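Asks: What follows is a single structure, and I will ask about it in a moment.
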Amino acid sequence: MDLGRFLVEAVVVSGASPNQLARSHPISRSWLFRLLARYKQGGFAAVEPRSRRPSSSPTRTSAEVQRAIVELRQELVALGVDAGAQTIAHHLQLRFGASPSRPTIWRILKATGLITPQPHKRPKSSWIRFEAQLPNEMWQADSTHWQLADGSDVEILNLIDDHSRFCLASVAHPTIKAVDVLEAFTTAGQSCGYPARFLTDNAAVFSGASRKGRVAMESELDRLGIASSHSSPYHPQTCGKVERFHLTLKLFLRRQAAAQNLAHLQLQLDAFRVYYNQQRPHSSARGQTPLQAFHARLKAGPSQASSVLQYRVRRDRLDGRGKVTIRYLGRLRHLYVSYKHKREPVTLLVAGSRIKVVAQDGSILRELTLDAARGYQQVGQQARSTMS
């Protein structure tokens, strides 16, 4: 029973003195007499505690905006993309020209039962966070596995910019080979500019250290003046940004129809990349989209930017004698590579007269500068060309 009603009953029913009750209980004398006045006007119902809620709330979020918040939450969850308060605020700003604060959106979602608060496993103050200061200061790359509708396994190669989280490439392959990494890197570099540093794990497509050699990607980074670094074994946190991108991408893919083939999956990856780069605000970019953050500052670049050549990538196959043919200055040039690798598929990186012949495992089979006076590029030329 409420204390006020108890005291009123003591006065009305038992005939107790209001002054004595006020002295012996934590209630003022004037408040007790106001309760007795209410009782005389409306009985015990008038003595019950009254709501302190104001009769009007001019700053209260309108019902229209609350409905929009709930609808956006459901739409974004169904699409398989980020549906947090910041993303919802971004879309509300585009739709209404204004948006409630993120805590307000969070409270509305909580009140409607659309989110369940979860305590942090560790305080934010304990996080040690690194971020490149400029776009193209560092790229991160990694591959992840996925399954098609028929259960077959494929791999997805993702490249992102460390500063802006801009997705530079997201491509699917049955199995990612070293030449696939090189082709994706070259295409991204020609479109967005090359980075100053390239960070990956120690997978064989990125590093030849496990075989005590070098792969084409490492050779190309050296030529471009790009610093190469690798994460420590069994420590994926070093490449944490691209690892986190994998999770965001897979959340989207799980909400889509299962891809029937590799081309279907690539269409889904392209659609997600457009949404992620151009429409989805990123919390690390202070609410900007990755595309906005990527173009918001001057970009870093390789330390030897003046020596950068633009490669075109061509896939071919060695003939039965281990040769491959390429047209240069209007004439066919025959390049002997290796009889051991006859009829094997190769990738040619062509930059003017500079040619690299790369095997499927990423190893460089031959590197030379074409001699315009010769139609047949002899093997002995390789040593002279590589030294020049």
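Since every read-out is calculated from the coordinates, none of them should be taken as a lab result. Keep in mind that this is a model prediction, so the values were computed, not measured. As a convention, Cβ positions derive from the backbone with ideal geometry for all residues, glycine included, and neighbour counts pool all protein chains shown.
Asks: Taking the Cα centre of the chain as origin, sum charge times position over the Cβ atoms of Lys and Arg (+1) and Asp and Glu (-1), and report the length of that vector in debye to the nearest 20. Walk me through the intermediate numbers first.
Replies: Numbers: 54 positive and 29 negative charges, 141 e Å.
With only Lys, Arg, Asp and Glu charged at Cβ, the dipole is about 680 debye.
Asks: Ok, one more. Could you tell me what percent of the DSSP beta bridges with both partners in region 146-297 are antiparallel, to the nearest 5? Please list the in-between numbers first.
Replies: On the way: 8 of 12 bridges.
Close to 65 percent.
Asks: Another question about this same structure. So what's the angle, to the nearest 10 degrees on a 0 to 90 scale, between helix 3-12 and the longest Cα principal axis of the chain?
Replies: Long axis of 3-12 versus the principal axis of the chain: about 10 degrees.
Asks: If the cut-off is 12 Å between C-alpha atoms, which aspartates and glutamates fall inside it for LYS356, apart from same-chain ones fewer than 8 positions away?
Replies: GLU220, GLU367
Asks: State the percent of C-alpha pairs, over all pairs in region 139-294, separated by a distance greater than 25 angstrom. Display every interim value, and only then the final one.
Replies: Values: 3484 of 12090 pairs.
Of all Cα-Cα pairs in region 139-294, 29 percent lie more than 25 Å apart.
Asks: In a Gaussian network model over the chain where Cα atoms closer than 10 Å are linked, find which of ALA45, ALA188, ALA216 has the largest mean-square fluctuation.
Replies: Maximum among the listed residues: ALA45.
Asks: From Cα pairs below 8 angstrom and at least 6 apart in sequence, can you work out the relative contact order of the chain, rounded to a whole percent?
Replies: On the way: 584 pairs, mean separation 49.4, N = 388.
After rounding, I find 13 percent.
Asks: Also, I was wondering about something else. Which residue, chosen from GLN288, VAL242, SER210, occupies the Cα position most advanced towards the positive end of the dipole of the chain, where the dipole is computed from +1 (Lys, Arg) and -1 (Asp, Glu) charges on Cβ about the Cα centre?
Replies: Farthest towards the positive pole: GLN288.
Asks: Apply the Karplus parameterisation 6.51 cos²θ - 1.76 cosθ + 1.60, with θ equal to phi minus 60°, to every residue of region 134-142 and state each ³J(HN,Hα) to the nearest whole Hz, in sequence, with x for glycine and proline.
Replies: With the stated coefficients, region 134-142 comes to 10, x, 6, 6, 8, 10, 10, 9, 6 Hz.
Asks: How large is the translational diffusion coefficient of region 3-47 in µm² per second when you combine the Kirkwood radius over alpha carbon pairs with Stokes-Einstein at 10 °C and 1.306 mPa s? Intermediate results must be reported in sequence, preceding the final value.
Replies: Values: Rh = 10.2 Å.
The Stokes-Einstein estimate is 156 µm²/s.
Asks: Enumerate the amide H contacts of SER303 below 5 Å, restricted to partners 5 or more residues apart or on another chain; note that Pro and chain-start residues carry no placed amide H.
Replies: ALA227
Asks: While we're looking at this one, here's another question. Can you tell me the equivalent ellipsoid semi-axes for region 206-282? Use √(5λ) from the Cα gyration tensor, largest first, whole Å. Numbers along the way, then the final one.
Replies: Working: eigenvalues 185, 51, 42 Å².
Its equivalent ellipsoid spans semi-axes of 30, 16, 15 Å.
Asks: Can you tell me how much longer the chain between ALA63 and GLN93 gets when fully stretched, taken as 0.36 nm per residue apart minus their C-alpha distance, in nm with one decimal?
Replies: Numbers: separation 30, 0.36 × 30 = 10.80 nm, distance 1.63 nm.
This chain segment gains 9.2 nm when fully extended.
Asks: How far is the Cα center of region 1-27 from the Cα center of region 143-213, in Å?
Replies: Each part reduced to its Cα centre gives a spacing of 79 Å.
Asks: Report which label in [x] 71, 20, 18; [y] 26, 25, 21; [z] 31, 24, 21 holds the value of semi-axes √(5λ) of the Cα gyration tensor in Å derived from the coordinates of this structure.
Replies: Checking each listed value against the structure points to [x].
Asks: In µm²/s, what is D for region 249-372 at 10 °C and 1.306 mPa s, where D = kT/(6 pi eta Rh) by Stokes-Einstein and Rh is the Kirkwood radius from Cα pairs? Please report the intermediate quantities before stating the final value.
Replies: Numbers: Rh = 18.6 Å.
Here the translational diffusion coefficient equals 86 µm²/s.
Asks: Can I ask one more? If you build a Gaussian network model of the chain, linking Cα atoms that sit under 10 Å apart, which residue out of PHE33, PHE206, PHE252 swings the most?
Replies: Among PHE33, PHE206, PHE252, the largest mean-square fluctuation in the Gaussian network model of the chain belongs to PHE33.
Asks: Describe numerically, in nm with one decimal, the distance between label points set 7 Å from Cα along Cα→Cβ at GLU71 and at ARG244.
Replies: The answer from the label model is 3.1 nm.
Asks: Under 5 Å between amide H atoms, partner at least 5 residues away or on a different chain: which partners does GLN360 have, H built in plane at 1.01 Å?
Replies: Under 5 Å from the amide H of GLN360: no residue qualifies.
Asks: Considering the alpha-carbon set of region 63-117 alone, what are its Rg and its Dmax in angstrom?
Replies: Final numbers for Rg and Dmax: 10.0, 28 Å.
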